[in-house]
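Everything below concerns the one structure shown next.
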Amino acid sequence: MRASTSRFVYCLGLLAVTACAVLPEAIPMLGSPTHTEAAPLTTEIRLAQAIRGRVELAAAVTPDDPTMVEAVATEAALRDLAFSDDVAATRRDLIYALSDELSDALADREQASTRLDAAHPELVKADAVVTGLTAAINREVHRNRV
């Protein structure tokens, strides 16, 4: 074997050893991976989502539209279910859930206002949703006082 060939083989060996030395080490698993399940939504959160859905639908369709009638019926059924137990706690939780929906609607309106002009239908709908959710919160707060 010539000197140049032996140097080449030696360099390849060093390269292989260096490559193996810098490879990342596998991290051992400390147990089986755990999967957390999402908690089911409370009735108050589902009711707040139904109210937002009805408000969004009201901005797009007429009151006698079949989808609007179904949205109102769904909201009424959820309201009956939610308020069948502890009324004061349910109303408080519903106000909190509606506040979360209003916060999301405000963020949606802000995003729409940065890319659309004031007369765009999507921005008009976003304004109507914010107004409707604000009115829904005010109704619940007023019902709480009475």
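Computed from the coordinates by the stated procedures, all read-outs in this text should not be read as laboratory data. All of these numbers come straight from a predicted model, not from anything done at the bench. No Cβ is skipped: glycine too gets one built from the backbone with ideal geometry, and neighbour counts run over all protein chains shown.
Can you give the calculated 222 nm mean residue ellipticity of the chain, where each DSSP H run of n ≥ 4 adds -39,500 (n - 2.57) and the sum is split over every residue, rounded to the nearest 500 deg cm²/dmol?
Working: 5 runs with 106 residues, N = 146.
It lands at -25000 deg cm²/dmol.
Could you go through segment 104-120 in sequence order and give the Karplus-derived ³J(HN,Hα) for each residue, using 6.51 cos²θ - 1.76 cosθ + 1.60 with θ = phi - 60°, rounded to whole Hz, and x for Gly and Pro?
Karplus-based 3J(HN,Hα) across segment 104-120 equals 5, 5, 5, 5, 4, 5, 5, 5, 5, 6, 6, 10, 10, 7, 5, 8, 5 Hz.
Which entry in (i) 112; (ii) 126; (iii) 277 matches volume of the Cα convex hull per residue in Å³ derived from the coordinates of this structure?
For volume of the Cα convex hull per residue in Å³, the calculated option is (iii).
Between the helical axis of 43-58 and the dominant principal axis of the chain, each derived from Cα atoms, what acute angle in degrees is found, rounded to the nearest 10?
Around 70 degrees separate the two axes.
If I take R0 = 25 Å and measure r between the Cβ atoms of V69 and V141 in this structure, what FRET efficiency does the formula 1/(1 + (r/R0)^6) give, to the nearest 0.05? Don't skip to the end; give the middle numbers.
Working: r = 27 Å, r/R0 = 1.08.
FRET efficiency, V69 to V141: 0.40.
Modelling each spin label as a point 7 Å along the Cα-to-Cβ direction, I'd like the T42/V22 distance in nm, to one decimal.
5.5 nm
Top mean-square fluctuation among A118, A19, A82, Gaussian network model of the chain, C-alpha springs under 10 Å?
A19
With each pseudo-label sitting 7 Å past Cα toward Cβ, what's the T131-Y96 distance in nm, one decimal?
Result: 3.1 nm between the two label points.
First select every other residue whose beta carbon is under 11 angstrom from the beta carbon of A112; then total the charges, Lys and Arg +1, Asp and Glu -1. Numbers along the way, then the final one.
Values: positive: R109, R115, K125; negative: D108, E110, D117, E122, D127.
For residues surrounding A112, the net value is -2.
Just order 10-16, 42-48 by mean Cβ neighbour count inside 10 Å, highest at the front, would you? It would help to have the intermediate numbers written out before the result.
Numbers: 10-16: 10.0, 42-48: 20.9.
Packing order, densest peptide first, comes out as 42-48, 10-16.
Kindly list the residues of segment 53-82 that lie in the label zone of L106, defined by a backbone N under 20 Å from the point 7 Å along the Cα-to-C-beta vector.
Label zone hits: 53, 55-56.
Once you keep just the Cα pairs under 8 angstrom separated by 6 or more residues, what percentage relative contact order results for segment 1-145?
This gives 26 percent for segment 1-145.
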